[in-house]
């Protein structure tokens, strides 16, 4: 199955919620557009309710409604209007700049329970399938169970793994991992970090120290800081992201558990409200169930349109 099929299947619950109701709304709206009359309030209210219920977010929903009210053209389908604006929202996010530094260092951040550990294993598997030679660094040294779980995923992905004793300085583990990566020619280096938002000051200090160590060892590092967000928590994920944006310089998102929610529209809210690119989406529990995000495929999948 291609990547589009994986995203489409992951969005099944969201799509089921959207499609039937959207068709009813679209029929009413397009009747008005054909007649050259304004779309009535009842129709735009129904569209607003639908988008909010799918967790598209208040800001993005308001923007879409404004376009529908003011810029939809006579004879234009409502689906096309909404899709075009959704794609514009995604296009406005800035991707991390390319770089040629080796090893490529990626910090992975997020609160515990979002699927961060499994995501790192899946990222390693993707990188290896792409011809890379990844190395996983267990820098969350305060949760022994997390380190053990991460080591299992490293073995599944068939990649190198660096860990330290429980309670070790996370920045020291990152230093060792980068040294090992340089010596063995490993890249990318995927760094698991702690997710303790309840000790925000300590977390910020820890992440800042990790960033300083990485930058000292490799020019431009960390080259990516990816936050793992759980799609099933909806708008609460945006609050988490804002915390980590301040603490860690997040420049990309991995959206997990997309297959477990009817609120997959949260990807739109992330792009609109945070201006962060979604890099990958998780669509299942297997090691291959992480796929690169494509805005075009995602938007088509929301409306059950086939590629």
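Some notes on this structure:
- Just one of the numbered conditions (1) farther than 30 Å from residue 230 by Cβ; (2) touching a helix residue (DSSP H, G or I) at 6+ places or on another chain (Cβ under 8 Å); (3) at pLDDT 80 or above is not true of residue 73: (3).
- Within the range 25-41, the set of residues being assigned to a helix (DSSP H, G or I), surrounded by fewer than 16 Cβ atoms within 10 Å (Cβ to Cβ) and either touching a helix residue (DSSP H, G or I) at 6+ places or on another chain (Cβ under 8 Å) or free of Cβ contacts under 8 Å to residues at least 12 places away in the same chain (or both) comprises 27, 31, 35, 41.
- Selection within the range 259-287: residues that are in contact with a helix residue (DSSP H, G or I) (Cβ under 7 Å, 6 or more places away or on another chain), surrounded by fewer than 24 Cβ atoms within 10 Å (Cβ to Cβ) and assigned to a loop (DSSP other than H, G, I, E, B). The member of this set that is modelled with the lowest pLDDT is 262.
- Across the range 156-201, the qualifying residues are those that are over 25 Å from the mean Cα position of the chain (by Cα) and farther than 24 Å from residue 220 by Cβ, and the one among them that is surrounded by the most Cβ atoms within 10 Å (Cβ to Cβ) is 163.
- Test result for residue 128, within 25 Å of residue 220 (Cα to Cα), surrounded by fewer than 15 Cβ atoms within 10 Å (Cβ to Cβ) and free of Cβ contacts under 8 Å to residues at least 60 places away in the same chain: yes
- Count of the range 88-97 residues which are out of contact with any helix residue (DSSP H, G or I) (no Cβ under 6 Å at 6 or more places or on another chain) and either at pLDDT 90 or above or exposed (fewer than 14 other Cβ atoms within 10 Å of the Cβ) (or both): 6
- Flag for residue 7 being closer than 30 Å to residue 186 by Cβ, in contact with a helix residue (DSSP H, G or I) (Cβ under 7 Å, 6 or more places away or on another chain) and in a helix (DSSP H, G or I): yes
- Number of the exception - residue 43 against (1) closer than 23 Å to residue 14 by Cα; (2) within 30 Å of the chain's Cα centre (by Cα): (2)
- Some residue of the range 292-306 being in contact with a strand residue (DSSP E or B) (Cβ under 7 Å, 6 or more places away or on another chain) and closer than 30 Å to residue 169 by Cα: no
- Condition met for residue 15 (part of a helix (DSSP H, G or I) and either touching a helix residue (DSSP H, G or I) at 6+ places or on another chain (Cβ under 8 Å) or surrounded by fewer than 15 Cβ atoms within 10 Å (Cβ to Cβ) (or both)): yes
- Within the option set 113, 100, being at pLDDT below 95, assigned to a loop (DSSP other than H, G, I, E, B), within 21 Å of the chain's Cα centre (by Cα) and surrounded by fewer than 22 Cβ atoms within 10 Å (Cβ to Cβ) holds for one residue only, 113.
- Each residue in the range 63-79 was checked for being free of Cβ contacts under 8 Å to residues at least 12 places away in the same chain and surrounded by 13 or more Cβ atoms within 10 Å (Cβ to Cβ), and 0 of them qualify.
The values are calculated or read from the model by the stated rules, or taken from the named source; none is laboratory data. Just so we're clear, the structure is a prediction, and the values are computed from it rather than from any experiment. For neighbour counting, all protein chains shown are included, and Cβ atoms are generated from backbone atoms with ideal geometry for every residue, glycine included.
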